Amino acid sequence: MELGIGTTLTADFDDAVARTRAALQEQGFGVLTEIDLQTTLKEKIGADLDRYLILGACNPGLANRAVGADPQIGLLLPCNVVVRSEGSSAVVVEAMNPQLMVEVTGNPELAAVAEEAAGLLRAAVGSLTS
């Protein structure tokens, strides 16, 4: 099973982030959290890292269904979407594959939710290259 759903863009990093946020919103996801890993690691341990942003994306309806099927699923929510620089002109956008939730928990009740979420995230990521 794939860990993520991704694509590589030839784009400015900030533009890729804005486009990713818009694509997620079009598929019903909001961004609840944002972690600037580059800045955090530089401040905490002096590490030099290319631009790397983790967006915590959540579709409220799907999250509600997932928590209803398995209250512990909150440990795996929200769905992380990573936007990271790769080289001087490439930006990689990767979303966590929600079907991992079924794999990790072994709970078949999550299968329909995970399948729907994966489809929406594939659509969002896929729209970035069109």
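The values are calculated or read from the model by the stated rules, or taken from the named source; none is laboratory data. Because the structure is a prediction, the values reported are computed rather than measured. With ideal geometry, Cβ positions are generated from the backbone for all residues, glycine too; neighbour counts draw on all protein chains shown.
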- prompt: Which one is surrounded by the most Cβ atoms within 10 Å (Cβ to Cβ) among residues in region 39-57 that are touching a helix residue (DSSP H, G or I) at 6+ places or on another chain (Cβ under 9 Å) and not hydrophobic (A, V, I, L, M, F, W, C)?
  reply: 52
- request: Within region 1-25, track down each residue that is part of a helix (DSSP H, G or I) and within 11 Å of the chain's Cα centre (by Cα).
  value: 20, 21, 24
query: When you go through 108, 78, 60, 98 one by one, which is the residue that is more than 23 Å from residue 128 (Cβ to Cβ) and not aromatic (Phe, Trp, Tyr)?
result: 108
message: So for region 63-84 (the condition being touching a Phe, Trp or Tyr at 6+ places or on another chain (Cβ under 6 Å), surrounded by fewer than 18 Cβ atoms within 10 Å (Cβ to Cβ) and at pLDDT 95 or above), does at least one residue qualify?
response: no
message: List the residue pairs whose Cβ atoms are under 7 Å apart, where the first residue sits in region 34-45 and is aliphatic (A, V, I, L, M) and at pLDDT below 95, the second is part of a helix (DSSP H, G or I) and surrounded by 13 or more Cβ atoms within 10 Å (Cβ to Cβ), and the two are 6 or more positions apart or on different chains.
response: none
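Within region 26-38, restricting attention to residues that are touching a helix residue (DSSP H, G or I) at 6+ places or on another chain (Cβ under 8 Å) and part of a strand (DSSP E or B), which residue is surrounded by the fewest Cβ atoms within 10 Å (Cβ to Cβ)?
In the first step, residues of region 26-38 are kept if they are touching a helix residue (DSSP H, G or I) at 6+ places or on another chain (Cβ under 8 Å); the result is 26-31.
Right, trim to part of a strand (DSSP E or B) and you get 30-31.
Details: 30: 14, 31: 16.
Filtering region 26-38 for residues that are touching a helix residue (DSSP H, G or I) at 6+ places or on another chain (Cβ under 8 Å) and part of a strand (DSSP E or B), the one surrounded by the fewest Cβ atoms within 10 Å (Cβ to Cβ) comes out as 30.
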